[in-house]
1. Rounded to the nearest 5, what % of DSSP beta bridges with both residues in the chain are antiparallel?
2. Which three numbers, in whole Å and largest first, are the semi-axes of the equivalent ellipsoid of region 41-81 derived from its Cα gyration tensor as √(5λ)?
3. Given the convex hull over the Cα atoms of the chain, what projected area results after averaging over all orientations, in nm²?
4. With axes computed from alpha carbons, what is the tilt in degrees of helix 5-16 against the longest principal axis of the chain, rounded to the nearest 10 within 0 to 90?
5. 222 nm [θ] for the chain, helices only, -39500 (n - 2.57) per DSSP H run of 4+, per residue, to 500?
6. Run the dipole for the chain about the Cα centre, Lys and Arg Cβ at +1, Asp and Glu Cβ at -1, nothing else charged, and hand back the magnitude in debye, nearest 20.
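Read the figures in this text as sums done on the coordinates, not as results from a lab. If you're wondering where the values come from, they're calculated on a predicted model, not measured in any experiment. Neighbour counts run over all protein chains shown; Cβ positions are idealised from the backbone, glycine included.
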Amino acid sequence: MATTHWHTTIERTVTGLDYELVDVERSAGGLLRVTIDRIPGRSYPGGDAESVTVEDCERVTRQLQYVLEVEAVAYQRLEVSSPGLDRPL
């Protein structure tokens, strides 16, 4: 399956902020769900916690909102979250 423009835009933005892109889901109802994780050994503005913080999600959300608008990617709602305990290995 070819990677779509919006997926490439999201991946480039998330990895550019030094996070790992774990998953992207897009529903027919306009929901765009992005799951991120911290990369071990990297320093983050929100501190040295091992798991994703609310501040991490806010940072990625703000940047994605800007980039998706510039790139004209249509969506109704954007959710950025951590994989939590259900993260696929």
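1. 60 percent
2. Values for region 41-81, descending: 25, 10, 7 Å.
3. Mean shadow area of the hull around the Cα atoms is 6.3 nm².
4. The answer is roughly 20 degrees.
5. Here the helix-only value at 222 nm equals -10500 deg cm²/dmol.
6. 200 debye
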